[in-house]
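Just below is one structure, and these are the notes that go with it.
The values are calculated or read from the model by the stated rules, or taken from the named source; none is laboratory data. From a predicted model like this one, the values you see are computed outputs, not experimental measurements. Positions of Cβ are generated from backbone atoms using ideal geometry, with glycine treated the same way; all protein chains shown enter the neighbour counts.
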Amino acid sequence: MKNCLLLLACVMIIGTTYSQKISTPLELSGFKTLTSHQQMINYIKSLPRDKSPFLTEDFAVSATGMKIPVLKFSTGEFGNDEKKLKVLLFAQQHGNEPSGKEGVLMLLSKFASGELSHLLQKLDLAIIPMMNPDGNNSDKRRNGNGADLNRDHLILLQPENQGLHKFFNKYLFEVSMDVHEYGPFSRDWMELGYRKNSNVTAGILTNINTPQAIRTYSRTKYFPWLTAQMKKSGYSFSEYTPGGPPEIEYIRQSTFDINDGRQSIGSLGALSFIQEGMNGRDSIDNIEVRAKVK
């Protein structure tokens, strides 16, 4: 594997706070209104490209016909320098999990301002802020066809995922992160009287069809490093292990089937992760903290 410390730094691009220099639509609203698909498009068009050069392309069209852009950051021809890591970051597969999208838009402002441009000497970075514009605009988990995008990465019935995998196969990214939110307000747990939540959780590859060497590296190198970084940043952190109370729903290491984004991409040889931040009581609740912790 290429430079391990660099690899960890790339994956850790999310998971820190940002002092934005270019305000996002969410910030301009005073953290009162979530960013719509059209606002995102307008925001991307407004970003300067001189300090951190990037290109945009529409890699897919949603079930209801909305274009889905990806931003490709590189100091040269994207994906053409074998000395650089190719990193893919995508957010908001689930429309009612908006903080990943909002955090990614804040990340874009850091690149556009030049604050993170030094990273482009070592990597080519592709960023997809919004995988599910249909769900985003309706504040619903599923896309316009009523499908859960994060359960469609094996048979690829949905146009959003067809475009994502075609884009992945074009460049064969070496690192990938899929950004989500988990619901901390389980009624069953609340009735039981106890549940421990974390600001940030992360899941590594667990499916046996993903390469053993990458799974071992994730467990022994990446995860301990990430735990230390989260502690240093002052955020509570744990491995993503969803499930319900005893006798109701067993606790598991996130999804382990190969039909989700993390495991499917991991089976193609990428060092792939999922990040799950803590959702609110609704999509807008505590959105400033939720977005910044991304």
Looking only at the stretch 219-245, count every residue that is surrounded by 14 or more Cβ atoms within 10 Å (Cβ to Cβ), out of contact with any Gly (no Cβ under 8 Å at 6 or more places or on another chain) and of a type in the set (G, A, S) and tell me the total.
4
Of everything in the stretch 128-147 that's part of a loop (DSSP other than H, G, I, E, B) and under 16 Å from the mean Cα position of the chain (by Cα), which residue is nearest to I265 (Cα to Cα)?
M131
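Being within 19 Å of the chain's Cα centre (by Cα), surrounded by 23 or more Cβ atoms within 10 Å (Cβ to Cβ) and of a type in the set (A, V, I, L, M) is the requirement here; does L172 meet it?
Details: within 19 Å of the chain's Cα centre (by Cα): yes; surrounded by 23 or more Cβ atoms within 10 Å (Cβ to Cβ): no; of a type in the set (A, V, I, L, M): yes.
In short, no.
Show me the helices (runs of 4 or more DSSP H) found entirely inside the stretch 187-246 where at least 2 residues are over 24 Å from A270 (Cα atoms).
On the way: elements: 187-192, 212-217, 223-233.
Once the helices (runs of 4 or more DSSP H) in the stretch 187-246 are filtered for at least 2 residues that are over 24 Å from A270 (Cα atoms), what remains is 187-192, 223-233.
May I ask you to list the residues in the stretch 66-93 that are under 11 Å from the mean Cα position of the chain (by Cα) and either in a loop (DSSP other than H, G, I, E, B) or surrounded by fewer than 20 Cβ atoms within 10 Å (Cβ to Cβ) (or both)?
Of the stretch 66-93, the ones under 11 Å from the mean Cα position of the chain (by Cα) are 88-93.
Passing the criteria: Q92, Q93.
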Closer than 22 Å to M130 by Cα, touching a strand residue (DSSP E or B) at 6+ places or on another chain (Cβ under 8 Å), modelled with pLDDT of 90 or more and not charged (D, E, K, R): is that true of I265 in this structure?
yes
